[in-house]
1. Could you give every pair whose Cβ atoms fall below 6 Å, whose first residue belongs to region 471-495 and is surrounded by 13 or more Cβ atoms within 10 Å (Cβ to Cβ), and whose second residue is among the small types (Gly, Ala, Ser) and not in a loop (DSSP other than H, G, I, E, B), counting only separations of at least 6 or pairs across chains?
2. Output yes when any residue across region 396-404 is assigned to a helix (DSSP H, G or I), away from the ligand (no atom under 16 Å from the Cβ), buried (at least 20 other Cβ atoms within 10 Å of the Cβ) and free of Cβ contacts under 8 Å to residues at least 60 places away in the same chain, and no when none is.
3. Out of (1) in contact with an Asp or Glu (Cβ under 7 Å, 6 or more places away or on another chain); (2) outside any helix (DSSP H, G or I), what's the single condition that is false for GLN162?
4. Based on what the data block shows, is ARG367 of a type in the set (Lys, Arg), part of a helix (DSSP H, G or I) and more than 19 Å from the chain's Cα centre (by Cα)?
5. Go through the residues of region 253-269 one by one and say whether even a single one is within 15 Å of the ligand (Cβ to nearest atom) and touching a residue at least 60 places away in the same chain (Cβ under 8 Å).
6. ALA235 fails exactly one of the following numbered conditions: (1) among the small types (Gly, Ala, Ser); (2) within 22 Å of MET155 (Cα to Cα); (3) loosely packed, with under 14 Cβ neighbours inside 10 Å. What is the number of that condition?
7. Give me the residue from region 549-586 that is surrounded by fewer than 16 Cβ atoms within 10 Å (Cβ to Cβ) and assigned to a loop (DSSP other than H, G, I, E, B) and, out of that set, nearest to the chain's Cα centre (by Cα).
8. Within region 282-302, can you find the residues that are more than 10 Å from the ligand (Cβ to nearest atom), in contact (Cβ under 8 Å) with a residue 60 or more places away in the chain and not in a strand (DSSP E or B)?
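The values are calculated or read from the model by the stated rules, or taken from the named source; none is laboratory data. Just so we're clear, the structure is a prediction, and the values are computed from it rather than from any experiment. Using ideal geometry, Cβ is built from the backbone for each residue, glycine included, and neighbour counts are taken over all protein chains shown.
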Amino acid sequence: MPRYSRPEHRIASKSGDEMTYTPPTTEQLFVLDHIARIDAMAAHDKFAAATPDMVEAIVNGIGEFAAEVYAPLNRVGDVHNPKWDDGKVTMPPGFKEAYKQFVDAGWGSIDGPEEYGGQGLPFTLATVIIEALGTADMGFTLCNILTPGAIHALMAYGTEEQRQTWLPNLVSGAWNGTMNLTEPAAGSDVGALRSTAERVTEGEHAGLYKIKGQKIFITFGEHDLTDNIVHLVLARTPGAPEGTRGISLFLVPKYRLDAEGKPAHSNGVRCASIEHKLGIHGSPTAVMIYGEDEDCLGEIVGAEMGGMRAMFVMMNAARLLVGCQGVQIAERATQQAQRFAADRVQSALAGGTDRTPVTIDQHPDVRRMLWRMRAQTEAARALTYYAAAQTDFGKLGDEAAAMRAEILIPLVKAHATDIGCEVASLGIQVHGGMGFIEETGAAQHYRDARIAPIYEGTNGIQAADLVGRKLGMAGGDLVRGLIDDIAHGAGEFPELQQLVDACRAVTDWMVAANTGDRLAGSYPYLTMLATATCGWLMALQHQAAKAALDEGSGDREFLEAKIASTRFYLQQIVPAATGLAPSALAGDAALAPLPKFA
Ligand SMILES: Cc1cc2nc3c(=O)[nH]c(=O)nc-3n(C[C@H](O)[C@H](O)[C@H](O)COP(=O)(O)OP(=O)(O)OC[C@H]3O[C@@H](n4cnc5c(N)ncnc54)[C@H](O)[C@@H]3O)c2cc1C
C-alpha cells in the first residue's frame with residue numbers, strides 16, 4: 001500500500017481547536033516518492049537509514065510539531081516584534097521555548113554529519129523539515145535556514161579542529177549560524193565590501209584574524225534563543241585585490257569559547273540595531289558591528305582569498321531553502337484561501353434560475369484562483385524537492401546530478417519565491433476586502449512572502465547567474481540536457497512540448513548571444529526554463545497519480561486532486577511561459593535607457 005494512501009489529517013491544538021494550518025503530509029510523501037526518488041537514495045549505504053517508515057515518521061512528526069509548536073507563534077511574531085535594547089535582542093513571547101523544543105527533539109540534526117552528532121539523513125528530508133516549520137511560521141524559521149549552510153561550508157572548507165569545535169552545537173541547533181555578506185555599499189555587488197581581517201602574528205591569538213567592519217541586514221544576527229551565535233563573515237585581508245577575488249571567509253563567534261568549549265569571552269561583536277520591516281517580523285534583521293570597541297577575533301575558513309568559493313557552498317544551501325520559503329508561504333496562503341472561500345457566501349451562481357447565494361468557491365473565477373494557487377504551490381514544491389534530491393544524489397557520487405543541481409539552484413530560488421508572492425497575492429484576492437484587513441492573516445502572508453525574491457541574491461541576480469555562469473557550463477550542454485529530459489517526459493501534454501521547443505530555441509540563441517543581449521532576456525528565460533522544469537515534474541506526478549488510480553491503490557480523493565492540479569498546471573500555466581520567448585529574445589536594444597523625468 002503506497003504511503004500516500006493515508007488520508008490527510010488535521011492536527012488539533014492542545015486547546016482542542018483546529019489549527020489554521022494542516023501539514024500537507026500526503027502531498028509531501030507523494031513528491032518525495034515520485035520526484036525526489038527517496039527510495040533510490042535509501043538504496044545507498046550512506047542513506048540506508050531513510051527507510052519508508054523513517055521517512056514517513058519524519059514527515060508526520062515534523063508536520064505535527066510545526067502545527068502544534070510553531071504555527072501558534074506566526075501571528076505572535078508578526079505583532080510582537082523582537083525588541084532591541086542596548087545591543088541585546090529579546091525574541092517575542094514563546095519563541096525561546098519553541099526553539100528549545102525544536103533542538104531537544106533533534107529536528108535540526110537530521111542531515112547533519114553523523115561524526116558531529118547528526119543523523120546523516122538526506123538534505124532532502126532536512127528541506128521537508130524547513131518547509132514544515134516555515135509553513136507554520138516563515139519568519140521564525142529563518143533562524144534555521146542559515147545554519148545548514150554554515151555546516152556545509154565547514155564540512156567543505158573547515159579544518160578538522162574547526163569542525164570538532166563548532167559543528168556539534170551547530171548540528172544540534174544549540175547555536176545558530178549567520179551569513180554576513182551585505183554592507184551599506186555592498187549588496188548585490190558583494191565584491192565591493194570593505195570589512196577587513198588582519199592576521200594576528202604574535203601572542204595567544206596568533207593565527208586568528210582581527211575583524212573590523214559593519215554588516216547590515218543580518219538575519220538572526222542577534223537574539224536570545226541560543227547561548228552562542230556563529231557568524232560567517234566575508235572580509236578582505238590587507239593587500240588583497242579589489243572585487244570578489246580578494247575576499248576571505250571567517251568564522252566569528254559572538255562569544256569565544258573556554259577550554260571546555262563553552263561560550264565564555266565576549267568577542268567585540270555588537271548588534272547596533274534591528275530593522276523595522278514590511279514582513280517577517282518574527283525574524284530580527286540586524287546591523288552588526290565587528291571590532292569597534294574591543295578586538296573581534298575570527299578564524300579563517302579555507303584559504304585566504306578563497307572566501308567566495310566557501311561562501312558559495314553556504315549560499316547554495318541557503319538559496320535552495322529560500323526557494324523553499326516560496327513553497328511555505330504558498331501552501332499557507334492556499335490553505336487559508338480555500339477555507340475562506342468554502343465559508344464566504346456571496347452571489348447566486350450565474351446562469352441558473354436559483355438565486356440563492358452560494359459560497360464563493362463555486363464561482364468560476366474564484367475556482368480559477370484557487371486552482372492556480374494549488375497548482376503553483378505543488379509545482380514549486382516539486383521543483384524544490386527535485387533540486388534538493390539532486391544535491392543528495394551528487395553526494396552519493398552522481399556527478400551528473402551534482403551538475404543538474406547547479407542549474408536548478410537559481411531556478412528554485414527565483415521561480416519558487418516568485419510563486420510565493422503570486423500565490424500570497426491571489427490569497428488576498430480570494431478574501432476580497434477582508435484580505436486587505438490584517439486580522440484575517442492573508443495580508444501577513446503577502447508581506448512575509450515579499451522578501452524572498454530579494455535576499456540571498458535578488459531574483460535578477462539569479463537570472464544573471466543562470467545565463468552567465470550556469471548556461472556557460474559545458475557550452476550550454478548542461479541546460480540542454482535538462483531540456484532533453486523535460487522533452488522525454490512531456491507525455492500527453494503538447495503544451496509542454498511547445499514550451500520545450502521554445503526553451504531550446506532561446507537556449508541556442510542565448511549561448512551565441514553577447515552578454516548584454518543575454519542579460520536583457522535573462523529573467524523571462526529563467527521563468528520559461530523553471531516553468532518547463534515544473535511542467536515536467538507535474539507531468540511525472542500526473543502519470544504516477546493515474547497509475548495509482550488504475551491500480552486501485554492510494555487515496556482516491558488525493559489522487560484525483562493531483563490529476564486535476566497537474567492538468568491545470570500543464571494546460572493553463574505552461575502556455576503562458578511559452579509566450580515569454582519574444583521577451584527573452586528581444587535583446588539589449590529593447591531596453592534602452594529610460595528618459596529622464598522632466
Ligand atoms: C530582511 C532581510 C534579510 C537579509 N538577510 C541577510 C543576511 O542574513 N545576510 C546578508 O549578508 N544579507 C542579508 N540581506 C541582504 C540582501 O541579501 C540584500 O538586500 C540583497 O542581496 C540585495 O542587495 P541590496 O539591498 O543592496 O540591493 P541592490 O544590490 O542595491 O539592488 C537593487 C536592485 O538592483 C538590482 N541589481 C543590482 N545589481 C544588479 C546587477 N548587476 N544586475 C542586475 N540587477 C542588479 C537588484 O536585483 C535589485 O532589484 C537581507 C536583506 C533583508 C531585507
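1. Here the result reads ILE486/ALA532; GLY489/ALA539; GLY491/ALA539; PHE493/ALA539, each pair linking region 471-495 to a residue that is among the small types (Gly, Ala, Ser) and not in a loop (DSSP other than H, G, I, E, B).
2. Of all residues in region 396-404, those assigned to a helix (DSSP H, G or I) come to 399-404.
Then keep just the ones that are away from the ligand (no atom under 16 Å from the Cβ); that gives 399-404.
Add one more test, that the residue is buried (at least 20 other Cβ atoms within 10 Å of the Cβ), and what stays is 404.
If we keep only those that are free of Cβ contacts under 8 Å to residues at least 60 places away in the same chain as well, we get none.
The answer is no; no qualifying residue exists.
3. The one condition GLN162 does not meet is (2).
4. Details: of a type in the set (Lys, Arg): yes; part of a helix (DSSP H, G or I): yes; more than 19 Å from the chain's Cα centre (by Cα): yes.
Considered against the rule, which asks whether it is of a type in the set (Lys, Arg), part of a helix (DSSP H, G or I) and more than 19 Å from the chain's Cα centre (by Cα), ARG367 comes out as yes.
5. No, region 253-269 contains no residue that is within 15 Å of the ligand (Cβ to nearest atom) and touching a residue at least 60 places away in the same chain (Cβ under 8 Å).
6. (3)
7. Among those that are surrounded by fewer than 16 Cβ atoms within 10 Å (Cβ to Cβ) and assigned to a loop (DSSP other than H, G, I, E, B), it is GLY579.
8. Our first condition is that a residue be more than 10 Å from the ligand (Cβ to nearest atom); within region 282-302, this holds for 282, 287, 289-302.
Filter once more, so that each one left must be in contact (Cβ under 8 Å) with a residue 60 or more places away in the chain: 282, 287, 289-292, 295-302.
GLY282, GLY291, GLU292, ASP295, CYS296, GLY302, listed by residue number.
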